[in-house]
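Visitor: What follows is a structure written as structure tokens; I'll ask about it next.
Nothing in this text is a laboratory measurement; each read-out follows from the coordinates by a stated rule. In this text the structure is predicted, and so the values were computed from the model without any measurement. Here the Cβ is made from the backbone with ideal geometry for all residues, glycine too, and neighbour counts use every protein chain on show.
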Amino acid sequence: MGGRLDPGSNSLNALRLGLALLVLIAHAWELGGYGLQTKPLGPWAVAGFFCISGYLIALSRARGRGVGEFFARRAVRIYPAFLVVLVVVAFAFAPVASAFLGGGPWSPSAGVLYVLRNAGLWIAQPTIPGMLADIPYPGVWNGSLWTLAFEFACYVVTGLLGCLAVRWGARITVALWAGAMTASVLSVLGLLPVPGTLATFATLLAFYLSGTLLFLGGDRVPLRPGLIVAAAAVVAAVAISGAPTALAGPAMAYLVLALGIVLPCRRIGARNDISYGIYIYAFPVQQMLALVLAERGAPVVVPLVLAIVVTVPLAWASWLFVERPAMRAHRRWSSRRRRAGLA
């Protein structure tokens, strides 16, 4: 399987775009006050993201020039757009909501505190006090950002594992995956008193390392239609039965990576990847729409379509003016530093 997944030509960016839109769809019912019917879709979309990341980040670490460069690349990919969306929410969305949409009191100092308290990737303050009090999902401005701290924690695991010899790195990866899987399952079953944050990390790490293990052993894993169907069936069975989601980690990783190989969507997102922008902007857009539409009786399709229409341009702007320039600037800086080292 590993030899079939061409890093330069695959459908993983298209899948990530689909997963980001699935998160938006999953939130539409709850944020609009239409019920919780689609809420379970969100965690499964996030699980798919972590499986893909586990594979691609391990590939990046294996091909990298050192642990420092690895962490720099990962930070540049996540952090600039993350910081910008905090600023946009605090100083664009929030004041507009306050002035025109009845969103509650806002002040510049409240905006500054919102940015500063969340700037470390850990969302310590999801609210701007007094705002968004009268909508179906009150208070929270961006309920999608919480996963990014866990994502970066997974990057730290990969970065440190990459410092070990190949044999030991692989063995420790298997041990970590087994430990994360066990902790997650036992926590869900109530058999292990794991704090909520650690239980969440264990679950996400189990999915992430499932992707990493396919990178490490993918050449020995066949790519067959029957296995793709079986993987999809396992994921569906775990989802429908309510079993601990981490049990589906290997199947989910196989499913999304196999689809990345076989789907004919290689051109989608190959040059312009807006999936991250959709993920980080959709939630605040949907909260703004809730201020306008939540009590007007509009069918759910209205805020859903409007959320996509508004979020996609914001995601494009994030890619064109924040994410891509940041990555290009880092590449230029790294290139100059290497040339200076050779001089």
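Visitor: Given H placed 1.01 Å from N in the peptide plane, which residues other than close sequence neighbours of GLY103 have an amide H under 5 Å from its amide H?
Guide: SER98
Visitor: Let me ask another. Based only on other Cβ atoms within 10 Å, what is the fewest-to-most ordering of SER98, SER53?
Guide: Sorted ascending by nearby Cβ count, the order is SER98, SER53.
Visitor: Another question, then. Taking a ≥ b ≥ c as the square roots of the eigenvalues of the Cα gyration tensor of segment 225-343, is the shape rounded (a/c under 1.5), prolate (a/b larger than b/c) or oblate?
Guide: Oblate.
Visitor: Next question, about the same structure. Evaluate the relative contact order of segment 2-342 (contact order divided by residue number), counting alpha-carbon pairs under 8 angstrom at least 6 apart; express in whole percent.
Guide: 31 percent
Visitor: List the residues, sorted by chain then number, that are 5 or more residues from VAL140 or on another chain and whose placed amide H is less than 5 Å from its amide H.
Guide: Result for VAL140 returns nothing.
Visitor: What list of ³J(HN,Hα) couplings, whole Hz, do you get for segment 223-237 from phi and the Karplus terms 6.51, -1.76, 1.60, once you set θ to phi - 60° and write x for glycine and proline?
Guide: Listing the rounded values in order: 9, 9, x, x, 6, 5, 5, 5, 4, 4, 5, 5, 4, 4, 5 Hz.
Visitor: Now for a separate question. Sort 15-23, 31-39 by packing, meaning the average of other beta carbons within 10 Å per residue, with the highest value first.
Guide: 15-23, 31-39
Visitor: Where the only charges are on Cβ atoms (+1 Lys, Arg; -1 Asp, Glu), what is the dipole of the chain about its Cα centre, to the nearest 20 debye?
Guide: I would put it at about 1680 debye.
Visitor: What angle do you read, to the nearest 10 degrees and between 0 and 90, between the alpha-carbon axis of helix 166-188 and the longest principal axis of the chain?
Guide: 40 degrees
Visitor: For segment 107-121, take each phi angle, set θ = phi - 60°, evaluate the Karplus expression 6.51 cos²θ - 1.76 cosθ + 1.60, and give the result in whole Hz per residue in order, putting x for glycine and proline.
Guide: Coupling constants for segment 107-121: 9, x, 5, 5, x, 4, 5, 4, 5, 5, 6, 10, 5, x, 6 Hz.
Visitor: What are the ³J(HN,Hα) couplings of segment 138-152, residue after residue, when phi is run through the Karplus curve with 6.51, -1.76, 1.60 and θ = phi - 60°? Round to Hz, x for glycine and proline.
Guide: Whole-Hz 3J(HN,Hα) from phi for segment 138-152: x, x, 7, 8, 9, x, 9, 6, 4, 6, 5, 5, 5, 4, 5.
Visitor: Among 254-261, 105-112, 311-318, 191-198, how do they line up from the highest to the lowest mean number of other beta-carbon atoms within 10 Å?
Guide: 254-261, 311-318, 105-112, 191-198
Visitor: In addition: Using alpha carbons only, how many angstrom separate the centre of segment 87-166 from the centre of segment 204-238?
Guide: Taking the Cα centre of segment 204-238 as reference, the centre of segment 87-166 is 32 Å away.
Visitor: What relative contact order, as a whole-number percentage, does segment 174-218 give when Cα pairs under 8 Å and 6 or more residues apart are counted?
Guide: Relative contact order, segment 174-218: 46 percent.
Visitor: Here's another thing I want to ask about it. Based on the Cβ-Cβ distance of ARG117 and ASP219, what FRET efficiency does E = 1/(1 + (r/R0)^6) give at R0 = 45 Å, to the nearest 0.05?
Guide: 0.50
Visitor: Let me ask another. Taking Cα pairs under 8 Å and at least six residues apart, what relative contact order does segment 1-143 come out at, in percent?
Guide: Relative contact order comes out at 18 percent.
Visitor: Also, I was wondering about something else. Relative to the first principal axis of the alpha-carbon coordinates of the chain, what is the inclination of helix 324-342, with its axis defined by its Cα atoms, in degrees from 0 to 90 and to the nearest 10?
Guide: 40 degrees
Visitor: Expected output is a single nm value to one decimal: the length gained when fully extending between VAL229 and VAL96, i.e. 0.36 nm times separation in residues minus the C-alpha distance. What is it?
Guide: 43.1 nm
Visitor: With a/c under 1.5 counting as rounded, go ahead and sort segment 1-116 into rounded, prolate or oblate using the C-alpha gyration tensor (a ≥ b ≥ c being the square roots of the eigenvalues; past the cut-off, prolate if a/b is larger than b/c, else oblate).
Guide: Oblate, because a/c is 1.5 or more while a/b does not exceed b/c.
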